[in-house]
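These notes are about the structure you will find just below.
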Protein chains: 2
Amino acid sequence: MERTTYIPQETARRLSLYLRMLRRLRQEKVRIVSSDQIRRFLSVSSVQFRKDLSYFGEFGKRGVGYDVELLTKEIEKILGTDVLHEITLVGVGRLGSALLEYPGFLEFNLKISEAFDSHKDKVGKICGGIRIKHIRQLRWVIKKRNLRIAILSVPVEFAQEVAQELVSYGIKAILNFAPVNLVLAADVFVSNADMASELESLVYKLKQKK
Amino acid sequence: MERTTYIPQETARRLSLYLRMLRRLRQEKVRIVSSDQIRRFLSVSSVQFRKDLSYFGEFGKRGVGYDVELLTKEIEKILGTDVLHEITLVGVGRLGSALLEYPGFLEFNLKISEAFDSHKDKVGKICGGIRIKHIRQLRWVIKKRNLRIAILSVPVEFAQEVAQELVSYGIKAILNFAPVNLVLAADVFVSNADMASELESLVYKLKQKK
């Protein structure tokens with residue numbers, strides 16, 4: 001089978017889901033996982049699972065199952081999370097501090113290593129083990145540490161302006177929590193974590209079902 | 001043009017985005033919005049915008065633009081957010097309390113009206129104006145208030161169990177913050193707000209670009 005380099009976004013998202021399941025199995029000392037277990041754990045058909053993996057070559061043996069350790073490492077390599085990625089967080093409000101204190105990112109080899117705010121009551125304080133810096137230092141820190149990924153959790157009215165600033169300092173990917181569509185250069189990846197919209201879309205689905 | 005009842009999920013998501021822009025324009029006392037402004041605000045082409053609206057009939061006049069007030073009300077009606085929806089939140093940890101204190105939901109006619117936790121240090125406390133109840137009261141409160149939508153922000157190891165409980169009491173839609181794929185009845189809508197996966201997918205995109 002020919003290997004392709006382009007992988008659909010939905011596949012990448014499912015790979016991330018597989019990885020999570022595999023890591024849990026590994027913690028539980030499970031060595032082999034069957035297609036049937038995968039289907040039950042993830043509500044993903046074994047056909048879909050095999051198709052997703054086929055982008056990268058052949059894994060697993062029919063009738064035997066998949067080696068948990070091997071598959072974990074392969075997917076980590078594919079997703080690029082086999083090495084630690086440092087992330088900067090901008091805006092240490094209620095949500096920002098919850099994210100800073102969230103211990104679950106490290107499991108994914110993701111680490112919030114810098115946090116910024118503009119408010120004098122926050123700058124200098126320690127949150128989630130990180131000393132909050134003033135946003136005036138953004139440029140210097142991003143360049144010095146060569147940071148590429150940012151979490152944006154500033155108030156909505158500042159989001160566009162701060163995002164542009166981040167991009168001008170070298171940030172290439174933003175997880176945006178502000179309820180606004182950021183307009184940035186085409187080579188910057190933006191992922192919107194928009195909770196009100198998620199809820200609104202659930203309301204809409206419930207309405208359609210009636 | 002014939003009206004269809006099935007609307008793709010991506011369209012529903014964009015409608016939610018349009019609504020957000022329209023509400024902001026309305027606050028700023030803007031009465032008419034042009035296709036060109038929409039394109040600039042939202043990075044959505046005016047063709048896409050017209051196509052999305054065409055699911056519900058005809059809006060706007062070519063060369064004149066769209067009436068902000070009228071379009072806001074129409075989209076709210078379509079999405080079902082023209083009336084207030086009450087939401088229950090389960091799990092008042094760091095993230096849960098950030099969500100409870102988030103003032104932005106009301107703008108979308110969404111209101112977290114009940115919050116539950118099992119920890120004695122939390123039950124009875126007030127957070128975001130809401131007194132936290134013990135999860136033992138879930139059944140009674142959900143049934144009495146006829147709640148349909150829940151935010152699940154409990155620790156990952158309890159997520160599946162609590163979700164099943166919620167569904168058994170009548171919950172039909174869940175916004176899930178736990179990093180796990182919930183396995184529930186097919187008629188329950190689950191939306192996963194999974195921040196580590198979002199970040200992982202950004203890491204992957206950056207890697208692909210190199």
Practice prompt. State whether the residues of region A:134-150 include one that is surrounded by fewer than 19 Cβ atoms within 10 Å (Cβ to Cβ), closer than 18 Å to B:LEU202 by Cα and either within 10 Å of another protein chain (Cβ to nearest Cβ) or among the charged types (D, E, K, R) (or both).
Written response: yes
Worksheet item: What about B:SER113, is it out of contact with any helix residue (DSSP H, G or I) (no Cβ under 7 Å at 6 or more places or on another chain), among the hydroxyl-bearing types (Ser, Thr, Tyr) and buried (at least 20 other Cβ atoms within 10 Å of the Cβ)?
Response: no
Item to complete: Would you mind telling me which numbered condition in (1) on the phi < 0 side of the Ramachandran plot; (2) free of Cβ contacts under 8 Å to residues at least 40 places away in the same chain; (3) not hydroxyl-bearing (Ser, Thr, Tyr) B:GLY170 fails?
Response: (1)
Worksheet item: free of Cβ contacts under 8 Å to residues at least 24 places away in the same chain, over 17 Å from A:LEU199 (Cα atoms), outside the structural domain of B:THR72 (by TED's automatic domain parsing) and in contact with a strand residue (DSSP E or B) (Cβ under 7 Å, 6 or more places away or on another chain) - does that describe any residue in region B:139-157?
Response: no
Discussion item. Condition check: among the small types (Gly, Ala, Ser), at the interface with another protein chain (Cβ under 9 Å from one of its Cβ atoms) and either farther than 21 Å from B:GLN27 by Cα or not in a helix (DSSP H, G or I) (or both). Does B:SER97 satisfy that?
Written reply: yes
Worksheet item: Does region B:100-121 hold any residues that are part of a strand (DSSP E or B) and farther than 19 Å from A:ALA193 by Cα, and which are they?
Response: B:SER113, B:GLU114, B:ALA115, B:PHE116, B:ASP117
Fill in: Top-ranked residue in region A:166-210 [being more than 21 Å from B:LYS205 (Cβ to Cβ) and more than 7 Å from every other protein chain (Cβ to nearest Cβ); ranked as modelled with the highest pLDDT]
A:GLN208
Worksheet item: Tell me, which helices (runs of 4 or more DSSP H) wholly within region A:1-93 include 3 or more residues that are at pLDDT 85 or above, surrounded by fewer than 16 Cβ atoms within 10 Å (Cβ to Cβ) and away from chain B (no Cβ under 12 Å)?
Response: A:68-79
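The values are calculated or read from the model by the stated rules, or taken from the named source; none is laboratory data. Just so it is clear, the model here is predicted, and its values are computed rather than measured. Cβ coordinates were reconstructed from backbone atoms using ideal geometry, including for glycine residues, and neighbour counts include every protein chain displayed.
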